[in-house]
Structures are given as structure tokens and as C-alpha cells.
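The values are calculated or read from the model by the stated rules, or taken from the named source; none is laboratory data. Bear in mind the structure is a predicted one, so any value in this text is a computation, not a measurement. For neighbour counting, all protein chains shown are included, and Cβ atoms are generated from backbone atoms with ideal geometry for every residue, glycine included.
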């Protein structure tokens, strides 16, 4: 989802699909740490023009990858000094992935089990310790078991999209029950940090899926400027699928995309531009960024038990800010100023958030006119993006997974749209996981209403892999089919 620098109070660091961490918003914190799966500001509508990718490729030397891996290990500190990123197996059908901090950064190595347990290696409650080419796993009975690193084939590369060099990595299972496993391209959320090396690509590979991951433009080893323009990002994803297929030629079966959070806008659009056999989306929206902002505020109003008058004012606020952002801060200020006067002094005014409307309401008219675009509209976001129209054009089978209690991306409108599309005969499978927040995260609720993230919900990661392999084995934790 878009992550606005405008609202730094509600985001909590969590792991997300394509890197060790991702930004998650709860009522307690909204800091974009990327960990971030979300960050926004804005739009020059020239960004709407479709730029077909110009494709040229160059393979990075393996010794450079080795250097990067060594640097990453050294950067993790003593607690993770022996950690090697990759996938590990118990030998009994259980898997986990380990990631290490990117070159030149500090932090802890992290782990993620396929069943959703997660944590930082070296922390007091860690279930995993590194031991070179193996890891030691603390089991439920207190005993420690050694899990061996899975042999994976890793091929680094660079490729071009819209005259910009992007850096990618193909990860292939060395041994698979399927001689030609499916290939999935991991499409970013709105994080600003490198995707290569994160746990989610290795979790997919551990389950027998060839995975192509790439650093988003303006992040990691990729060139270009960071953007949230879905049109350009979809071109990048389409180019990534072309490159992944080229590298894995003759070794994969069907191929397609996975997009998490903001990637739920980008992956389906990319699949309309390049032949894709499937699309999978986790915790994304079939709605516009404007719709997301409105639904977040209405969710906050419901949790706070605001009266009908306050809810009506919040809907009015959404319409007023929508006019401003859609104009790219060239008009619409008068209605918001009238609303400011009408609701002045009401308690909810100081608490309402949304993606951006709460902050815009609390700014003065003069300040919003002066710096609003720089603060909220600087990343070429397509505010009124028509996600439904994209779904109607999409020919590929689609899996959409929803987090039932998602505060970052409220699901009500998306759930209704998916049900309608399914009823119309579209090739869509949709699942809902109860009591989960953004990132498919389980949580506990604190006394002040904020949430503490615990783990990725059990069954989610298996569902993604099994659906991509067309080999479903339910149940998937507490998840259930929407249709």
C-alpha cells in the first residue's frame, strides 16, 4: 500500500514478502522503516503514459555475488556472524529461510519458517541459531535440531526496463519433484530497500518454486529514481518476467507473478502486458489509493465508535482531500478549509489518520497550499487508479489472499469486488485469513487498541506455493475460501 511520509505514527516493522522486513501500519506506529512495504507521495500524470520495456541483459560475475554475500554476513554482527542466507530443511518436510542485512547496513539476520514463525537471530527468544551451512532450531520440546542448507541454484543478472538498469537474482531449486517447477516473479510493495536476499524469495524456493527477485528501481543495486507510479512499475515487472524466463529457459513450467501489498496493484497490471500463466496477490486492494484512505478512516471511526455526524464529516473529508490530490494540489482547497471550520474542536479531528487525509486536515490552508504537493504528492502515485478495470482485462488465473482485519488495507470493498468477479465467472480464487493484519500477520491487541505483531499466519505461505504449483492440500491454517 502507499506509505506516506505524511503519517509517521502508525507503522510497525514486520517481515514482508520480498525482503527480510516490511513496514506494517498499526494504530501504534507508522514509521517507514523498511522494513517498509509502503511509502507514497505523488504523481505527475505524464507517468500514466505506457513505456514499453527496452530489454537488454548482462549477467553479473559470480565472484561479485560471493563478495556481496560475505559483506552481508560481516555486517550482521557477532550474533549472526556465521549466518548464510538461503533455505534450510529439517529433512522431514519442514523448511525455513534465513536473510542477512544488505551490504553496508546494520541489523540482525532474520528467519522465517514456512509455517509462519519468524524472528531475529540473536534475540533472546530466537528459535534459530546459525552454524555456517546449517542452522540449529529449538524445537517445541526444548531439544535442538540441526537443519541443513538446501542446495539452490542462484543466478545474478542485470536487465533493462524503460532505459533503466535493474538488478535481479534467479533462485532455483536444485532438486524438485517437478522436473520443471513453476517460476514466480516477486513484485514489490512500496518498500525503499533492496529486495534481493530477503526471506520470502527463499521460502518460495524451499517449496519447489523457481523465484526471480529484483531490486525495485531506485533501491538496492538498481538504477533509476524510486517511484510509486504503477504504470512504470508494471513495465519493470514485465521486464523482470522476461528476464527470469530467459535465465531459466528449459528449466521451468508455467510462470507468473506474486505481488504483496502495493504489488497487488502492480502485478495484475504487469500480467496484462506480458504473457503470464498466473498472478498471486497477498494483502492487496482492488481499489484506488483514494478509496484506501477513505476505508482506513471509516475503519478508525468504527473502532472509535464515532457517531453518525462524525462519520458523515469523515466522508466529506475524504471527498475534499480526493479533489486536492487528484488535481495534484492545484485546486480543491476551499472545501477542505470549510470543513476545517465546521469540525474545529471536535475530538476526532486530532486522531483520525487514513493514509493522508488526517494530516491534510490538521495542516493550515496556507501550509497545505505551500508544501502539500512536496509532502504528499511527490512519487507519481496514480491516486484514482482503476484496479477493477485491470482485473476485467486480466486473462490469467488469479489467487487473491486477504487479511481479515487489515488496518493498512481494509478489505470490505475489495472482498465485495472479488465476490462479484467470481460470480461473473472470472478465473479467481480468493482466500481470507481471520484475525490477521497487513502482511498476513497475526497479532495481539494492547490495552490502548494498538497491535503487537506475532507471526505470519499459519497456512498462508503454503497456500501461495501450492496454488502456484496447482497442487492444493487444504486446510491452510484458519484460512478459508471466499467463494
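Among the residues of this structure, residue 285 does not count as one that is assigned to a helix (DSSP H, G or I) and either surrounded by 24 or more Cβ atoms within 10 Å (Cβ to Cβ) or in the same structural domain as residue 434 (by TED's automatic domain parsing) (or both).
Screening residue 145 against (1) surrounded by fewer than 16 Cβ atoms within 10 Å (Cβ to Cβ); (2) touching a strand residue (DSSP E or B) at 6+ places or on another chain (Cβ under 6 Å); (3) in the same structural domain as residue 471 (by TED's automatic domain parsing) leaves a single unmet condition, (3). Scanning the stretch 414-427 for residues that are surrounded by fewer than 20 Cβ atoms within 10 Å (Cβ to Cβ) and over 19 Å from the mean Cα position of the chain (by Cα) yields 416, 417, 419, 420, 422, 423, 424, 425, 426, 427.
Scanning the stretch 68-94 for residues that are surrounded by fewer than 22 Cβ atoms within 10 Å (Cβ to Cβ) and either modelled with pLDDT of 70 or more or outside the structural domain of residue 138 (by TED's automatic domain parsing) (or both) yields 82, 84, 89, 90, 91, 92, 93, 94. A residue that is touching a strand residue (DSSP E or B) at 6+ places or on another chain (Cβ under 6 Å), outside the structural domain of residue 107 (by TED's automatic domain parsing) and surrounded by 24 or more Cβ atoms within 10 Å (Cβ to Cβ) cannot be found anywhere in the stretch 219-232. Determine, yes or no, whether residue 135 is within 28 Å of residue 439 (Cβ to Cβ), buried (at least 24 other Cβ atoms within 10 Å of the Cβ) and not assigned by TED's automatic domain parsing to the domain that holds residue 86. Against the criterion (within 28 Å of residue 439 (Cβ to Cβ), buried (at least 24 other Cβ atoms within 10 Å of the Cβ) and not assigned by TED's automatic domain parsing to the domain that holds residue 86), residue 135 does not qualify.
Would the stretch 378-389 turn up any residue that is assigned to a loop (DSSP other than H, G, I, E, B), under 19 Å from residue 316 (Cβ atoms) and in contact with a helix residue (DSSP H, G or I) (Cβ under 8 Å, 6 or more places away or on another chain)? Among the residues of the stretch 378-389, at least one is assigned to a loop (DSSP other than H, G, I, E, B), under 19 Å from residue 316 (Cβ atoms) and in contact with a helix residue (DSSP H, G or I) (Cβ under 8 Å, 6 or more places away or on another chain), which makes the answer yes. Annotation: residue 170 fulfils all but one of (1) surrounded by fewer than 21 Cβ atoms within 10 Å (Cβ to Cβ); (2) in contact with a strand residue (DSSP E or B) (Cβ under 9 Å, 6 or more places away or on another chain); the unmet one is (1). The criterion of at least 2 residues that are free of Cβ contacts under 8 Å to residues at least 12 places away in the same chain is met, among strands (runs of 3 or more DSSP E) falling completely within the stretch 399-478, by 441-445.
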